[in-house]
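S.K.: The following block contains the structure, expressed as structure tokens.
The values are calculated or read from the model by the stated rules, or taken from the named source; none is laboratory data. All values reported here derive from a predicted model rather than from experimental measurement. Cβ coordinates were reconstructed from backbone atoms using ideal geometry, including for glycine residues, and neighbour counts include every protein chain displayed. We work out accessible area using only protein heavy atoms, side chains counted, and drop any ligands, DNA or RNA first. Shrake-Rupley method; radii C 1.70, N 1.55, O 1.52, S 1.80 Å.
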Amino acid sequence: MRECRFPRGLWEITAGGDMQTGVYGSGYLGTLVSACLADFGTPVTCCHPDSSRMVEMAQGNVPFFEKNLTEVIKRNVRSGRLAYSTDMESFARKAQVIFLAEDTSQHLADLAIRIARLAPKPPILAIMTPVQVGTATSVTGVMIAASLKATIVSQPVFVTAGCAVEDFNWPDRIILGTSSNDAVLALKQILHPLVMRGVPVIVTNHETAELVRESATAFVATKISFINELSGLCERVNADAVSLSLALGLDKKIAPRCLQPGAGMGGLFAESDMESLAELARAKGVSLKVLGAAREVNHSLADRMVDKISTMVHSVQNKDVGILGLAFKPNTNSVAGSSSLRLVQNLVAKGARVRAYDPVAIPEARMELNGTVHYCETPYAAAEGMDALVVGTGWPEFRSLDFERIKQLLKRPVIVDTKNLLDAVRLRAMGFEYAGLGRP
């Protein structure tokens with residue numbers, strides 16, 4: 001077989017021409033899914049027409065930061081379980097089960113048609129790309145109209161940037177939207193390590209599977225918004241929002257993972273998921289007041305943080321503020337929907353001068369903030385000469401900073417902790433003016 005413009009050795013073929021698992025997509029989802037599936041021990045080919053991206057991936061050069069992902073890719077490329085290709089014809093011929101894992105659904109139907117035309121027999125196409133409700137049924141209709149056959153499965157994935165590898169390997173459930181028993185059996189075989197571990201498999205129709213993903217995002221936003229509203233009440237009644245969160249989270253009907261006060265919910269698909277669900281409800285004449293309220297609270301939190309900082313420094317206008325963290329959460333370089341970025345934008349709009357540090361997200365933040373911020377190479381540089389220091393992202397390394405040094409560097413020993421990450425008692429004992437979120 002021709003090597004499809006790759007340097008020798010980058011195109012791997014399974015001995016004997018056995019069927020492989022295919023993943024289409026070169027973005028965040030495609031990179032993650034192909035690597036993690038290969039780590040289950042099955043041969044996986046990741047396909048996309050972008051030859052430069054495929055070569056880079058095969059060499060272990062991931063264009064974004066995601067905890068542990070580069071190591072997983074390199075391990076599986078070395079073992080021969082993970083290959084990258086631009087040869088769509090060979091990809092469609094060899095892979096009976098193909099996961100469609102582009103980050104956007106713009107050309108999903110065209111892609112499904114192309115694969116079905118190239119495949120020697122009807123393939124199983126599992127849609128992992130975030131899609132609106134009704135997409136799988138629509139794609140199926142397009143396939144029928146084109147006189148093509150394929151089994152379409154709606155398979156939403158539930159991963160969060162920063163712990164996506166862990167989320168993929170230890171999911172809470174597997175959702176399969178299909179009426180095909182053969183497709184369910186084939187996918188269970190590929191996901192055998194998860195099934196044997198006891199991960200629940202929920203088989204339902206296309207629309208339900210598609211609705212689960214958007215609804216899960218909206219529900220998490222509702223939980224976060226609810227605890228953030230309660231944190232405001234805590235500040236008025238001298239209660240501790242962290243203890244309240246723990247107590248509520250230990251209720252088995254609630255669970256603790258997302259019930260923590262903070263500066264808001266963000267992420268690559270969060271806002272689009274909520275907007276898509278809200279739009280669906282509007283189209284169907286249904287009012288989702290809780291979702292609307294949750295989104296409103298989520299968006300208003302940056303203003304609340306600015307007010308808190310303003311109170312600490314007696315107005316942020318013409319004040320210098322240091323920001324620790326720009327990514328929307330630790331262990332990722334994504335700034336999509338980042339509450340820290342919204343906070344920076346609001347501070348600048350109100351006349352503050354901002355200096356910022358993040359371990360990995362500065363290049364992405366530069367593209368969003370358009371030169372309005374001075375970026376620093378260390379957290380100490382971000383603190384030097386500042387009227388206040390703000391924790392914007394909960395990177396664990398910020399807990400172990402030399403706060404005696406920080407205190408000497410700051411113009412005033414003011415720390416605003418939007419993630420409740422730091423030890424408030426210790427910092428106050430050191431002489432800091434410390435403010436968390438919803439804490440006495």
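S.K.: So N333 ticks every box in (1) under 20 Å from G232 (Cβ atoms); (2) touching a residue at least 24 places away in the same chain (Cβ under 8 Å) but one. Which box is left unticked?
M.R.: N333 satisfies all of (1) under 20 Å from G232 (Cβ atoms); (2) touching a residue at least 24 places away in the same chain (Cβ under 8 Å) except (1).
S.K.: Looking only at the range 328-345, which residues are open to solvent by less than 20 Å² (accessible area, probe 1.4 Å) and either farther than 13 Å from G162 by Cβ or of a type in the set (A, V, I, L, M, F, W, C) (or both)?
M.R.: Those that are open to solvent by less than 20 Å² (accessible area, probe 1.4 Å) and either farther than 13 Å from G162 by Cβ or of a type in the set (A, V, I, L, M, F, W, C) (or both): V335, S339, S340, L341, L343, V344.
S.K.: Shifting gears a bit: Considering only residues that are open to solvent by 20 Å² or more (accessible area, probe 1.4 Å) and closer than 21 Å to D307 by Cβ, which ones fall in the range 395-418?
M.R.: K411, R412, P413
S.K.: In the range 108-158, which residues are farther than 24 Å from S215 by Cβ and β-branched (V, I, T)?
M.R.: Selection gives I113, I115, I124, V142, I144, T151.
S.K.: If I filter the range 228-247 down to residues being free of Cβ contacts under 8 Å to residues at least 40 places away in the same chain and within 25 Å of the chain's Cα centre (by Cα), which single residue comes out as surrounded by the most Cβ atoms within 10 Å (Cβ to Cβ)?
M.R.: Among those residues, the one meeting the criterion is S245.
S.K.: In this structure, does K284 turn out to be of a type outside the set (S, T, Y), farther than 25 Å from G162 by Cβ and in contact with a helix residue (DSSP H, G or I) (Cβ under 9 Å, 6 or more places away or on another chain)?
M.R.: Here the answer is no, as K284 does not meet what is asked.
S.K.: I've got another one for you. Would you confirm whether or not the range 93-109 contains a residue that is surrounded by fewer than 20 Cβ atoms within 10 Å (Cβ to Cβ), out of contact with any Asp or Glu (no Cβ under 6 Å at 6 or more places or on another chain) and assigned to a helix (DSSP H, G or I)?
M.R.: Yes, the conditions are met somewhere in the range 93-109.
S.K.: For the range 174-210, which positions are surrounded by fewer than 21 Cβ atoms within 10 Å (Cβ to Cβ), within 25 Å of V290 (Cβ to Cβ) and in contact (Cβ under 8 Å) with a residue 60 or more places away in the chain?
M.R.: The one that is surrounded by fewer than 21 Cβ atoms within 10 Å (Cβ to Cβ), within 25 Å of V290 (Cβ to Cβ) and in contact (Cβ under 8 Å) with a residue 60 or more places away in the chain: E207.
S.K.: State yes or no: is S34 modelled with pLDDT of 95 or more, under 21 Å from the mean Cα position of the chain (by Cα) and buried (at least 22 other Cβ atoms within 10 Å of the Cβ)?
M.R.: Yes, satisfied.
S.K.: If you don't mind, another one. What number goes with the only condition from (1) part of a loop (DSSP other than H, G, I, E, B); (2) within 18 Å of E102 (Cα to Cα); (3) not charged (D, E, K, R) that T45 does not pass?
M.R.: Against the list (1) part of a loop (DSSP other than H, G, I, E, B); (2) within 18 Å of E102 (Cα to Cα); (3) not charged (D, E, K, R), T45 comes up short only on (1).
S.K.: How many residues are assigned to a helix (DSSP H, G or I) and crowded, with 17+ Cβ neighbours inside 10 Å when one looks only at the range 309-321?
M.R.: The number of residues fulfilling the criteria is 4.
S.K.: Working only within the range 184-205, note down all residues that are part of a loop (DSSP other than H, G, I, E, B) and of a type outside the set (D, E, K, R).
M.R.: Listed by number, the residues that qualify are L191, G198, V199, P200, N205.
S.K.: Within the bounds of the range 38-51, is there any residue that is modelled with pLDDT under 95, open to solvent by less than 10 Å² (accessible area, probe 1.4 Å), at negative phi and in contact with a strand residue (DSSP E or B) (Cβ under 9 Å, 6 or more places away or on another chain)?
M.R.: Within the range 38-51, not a single residue is modelled with pLDDT under 95, open to solvent by less than 10 Å² (accessible area, probe 1.4 Å), at negative phi and in contact with a strand residue (DSSP E or B) (Cβ under 9 Å, 6 or more places away or on another chain).
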